[in-house]
Amino acid sequence: MTKTMSGDAAEQNLAISNIEKMAAIEHIRLSVRQLCAKFAEDYWLQMDRESGYPTEFVRELTDSGFLGVLIPEQYGGSGLGVLEAAAVMEEICRSGAHAGVCHAQMYVMGSVLRHGSEEQKNTYLPKIARGELRLQSFGVTEPTTGTDTTSLQTTAKRLGDKYVINGQKVWISRIEHSDLMVLLARTTDRDKVSKKTEGLSAFLLDVGSAKGNGLTIQPIESMINHHACELFFDDLEIPADNLLGKEGQGFKVILDGMNAERILIAAECVGDGRYFIDKASAYASQRQVFNRPIGANQGVQFPIARAYTQVEAAALMVEKAANLFDGGLPCGAEANMAKMLASEASWQAGDICMQTHGGFAFAKEYHIERKFRETRLYQIAPISTNLILSFVAEHVLDMPRSY
Ligand SMILES: Cc1cc2nc3c(=O)[nH]c(=O)nc-3n(C[C@H](O)[C@H](O)[C@H](O)COP(=O)(O)OP(=O)(O)OC[C@H]3O[C@@H](n4cnc5c(N)ncnc54)[C@H](O)[C@@H]3O)c2cc1C
């Protein structure tokens, strides 16, 4: 009897703490929505046209503490979880904004938090939380190695108290708007390690001092305003103290951040998806053709309802993955599945939003074509759908490795 009562009490406490958590997340959503409302869609259109960087938006997001939600309180952040961070990212995208301008700080910071020395954490994290330093960039992809990360060619050779970096990176986003970058390079030749995931090391690179002293940055003109660049390293010297984690174990440093990255990107896609559904359903209810709203036709309303259903299903997987992550439980499969489902759902929602708007979808002032381009990225980066499917096939379904 006593046991049952204490069980009931524990369940009640759990329910209360869940309600409190949901209320806190609702509060975060509302605050992010209010912040985003100050930056109208025309602001984002202007950024897109000029390949501009939304410095004011990122500043306000940082000052309000939203970019530091994952930084523990002892380092000046809010010390919240990925569930809360996902709500921030989703609301940014839902407002019509482009979270790709700042999302990396949320998850790249995790490499410093989990693998940095106490000194590195004390040096960098409080400054990142205050917005004095921006850690918006990570350099992994190379011209010949995107998906096949461990075959990367960039090298870092130890020379006394320095490392000397040589090589090339491509598609490195936001480096021109970042003070620090996490860089992955090979410190031990591939033929001298037993596993190809070994011999890679991660470094914290001071972009300002590297630029012009061995690092050349060249912007890439691309389909979306993602501030992606090509990087050339020519005998760049960096202090050996900038090693993040242990030498040779850099792949783990990067891998550890991937689940958070996938969950947050998936949340962005949910935000994009909800943005498209909001726009499509409103337009379908208002646009008159043959003297009635186009949304009265099932041929118009069913695809919107289907896209809505797919976005909501993806949102549940995002929530599941985030809860597992925050609970310290394995979440690789869920994070990957959330990213795949959400990126496909947002793309479907974008496609149907375009269709619903007819010719006006192509007018930039309607903003749909911009969001349509932006959300397309997430079926390719940071990991493509094929690689997620092969992860699920191999690691969840125990099927043979396909590559
Ligand atoms: C706008 C933008 C921003 C980016 N930002 C960054 C960044 O900040 N930092 C960074 O490091 N990288 C960044 N990237 C790079 C991105 O992570 C890579 O483009 C992505 O990992 C895919 O690599 P890839 O382009 O070399 O494609 P590839 O590896 O050449 O693959 C091409 C296609 O082949 C498929 N494929 C490959 N191998 C297999 C297989 N075995 N089975 C089935 N299909 C396969 C892939 O799924 C993909 O569709 C960015 C890319 C873009 C476009």
With an 8 Å cut-off on Cα pairs and a minimum separation of 6 or more residues, tell me the relative contact order of segment 252-396 in percent.
30
Segment 89-106 versus segment 1-50: alpha-carbon centroid distance in Å
16
Alpha-carbon gyration tensor eigenvalues x 5, square-rooted, for segment 252-396, Å
33, 14, 12
Sorted on mean Cβ neighbours within 10 Å (highest first), peptides 267-279, 373-385 come out as 267-279, 373-385
How large is ³J(HN,Hα) for each residue in segment 136-152, as worked out from phi by the Karplus curve 6.51 cos²θ - 1.76 cosθ + 1.60 (θ = phi - 60°), to whole Hz, x for Gly and Pro?
9, 10, 9, x, 10, 5, 10, x, 9, 9, x, 5, 8, 3, 6, 8, 4
Built amide H within the under 5 Å cut-off of L244, gap 5+:
A202, F203, L204
Exceeding the 19 Å Cα-Cα cut-off - candidates K279/K364; K21/K339; K157/K246
K21/K339
Final fewest-first order of S402, S51, S95 on the 10 Å Cβ neighbour count is S402, S51, S95
Per the Kirkwood treatment, what hydrodynamic radius in Å, one decimal, follows for segment 2-134 from the mean inverse distance over all distinct Cα pairs?
16.5
Taking the Cα atoms of segment 136-250 alone, what are Rg (to one decimal) and Dmax (as a whole number) in Å?
13.4, 43
With just the Cα atoms of segment 220-332, tell me how far they stretch along each of the three principal axes, in Å, largest first.
71, 40, 15
Suppose R0 equals 35 Å. What FRET efficiency, 1/(1 + (r/R0)^6) with r the Cβ-Cβ distance, do I217 and V396 give to the nearest 0.05?
0.35
Which whole-Hz couplings ³J(HN,Hα) result when phi for each residue of segment 305-311 is put into the Karplus expression 6.51 cos²θ - 1.76 cosθ + 1.60, θ = phi - 60°, listed in order with x for Gly and Pro?
5, 5, 4, 4, 4, 5, 5
Where the centre of each part is set by its Cα atoms, how far does segment 343-403 sit from segment 181-221, in angstrom?
29
Would you calculate the separation in nanometres between label points at D148 and A305, each defined as 7 Å from the Cα along the Cα-to-beta-carbon direction?
4.8
Whose amide H sits under 5 Å from the amide H of T141, counting only residues 5 or more places off or on another chain, with H placed in the peptide plane?
V170
Can you give me the pair-distance distribution of the chain, C-alpha pairs, 20 Å bins, whole percents?
26, 55, 17, 1
Could you derive backbone 3J(HN,Hα) for segment 92-103 from the dihedral phi with the Karplus parameters 6.51, -1.76 and 1.60 (θ = phi - 60°), listing whole Hz in sequence and x where the residue is Gly or Pro?
4, 5, 5, 6, x, 7, 10, 5, x, 6, 8, 4
Hey, which of these cross-link pairs are over 32 Å Cα-Cα: K196/K371; K127/K192; K121/K169; K169/K192?
K196/K371; K127/K192
Net lengthening on full extension, E312/S64 (0.36 nm per residue, minus Cα-Cα):
86.5 nm
In square nanometres, what is the average projected area of the Cα convex hull of segment 298-380?
6.0
Quick one: compute the contact order of the chain, relative version, from alpha carbon pairs under 8 angstrom and 6+ residues apart, as a percent.
15
Quick check on the exposure proxy: order T150, T141 from fewest to most C-beta atoms within 10 angstrom.
T150, T141
H27/A381 FRET efficiency (R0 45 Å; Cβ-Cβ; nearest 0.05):
0.90
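Which FRET efficiency, nearest 0.05, do A37 and S6 yield, Cβ-Cβ r, R0 41 Å?
That gives a FRET efficiency of 0.30.
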Taking the beta-carbon count within 10 Å as an exposure proxy, list I294, I128, I16 from fewest neighbours to most.
I16, I294, I128
Subtracting the Cα-Cα distance from 0.36 nm times the residue separation, let me have the gained length for F362 to V193 in nm, one decimal.
55.6 nm
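Every number in this text was worked out from the coordinates using simple rules, so none of it is lab data. Quick caveat: nothing in here was measured; it's all calculated off a predicted structure. When we count neighbours, we look across all protein chains shown, and the Cβ atoms used for this are built from the backbone with ideal geometry, even at glycine.
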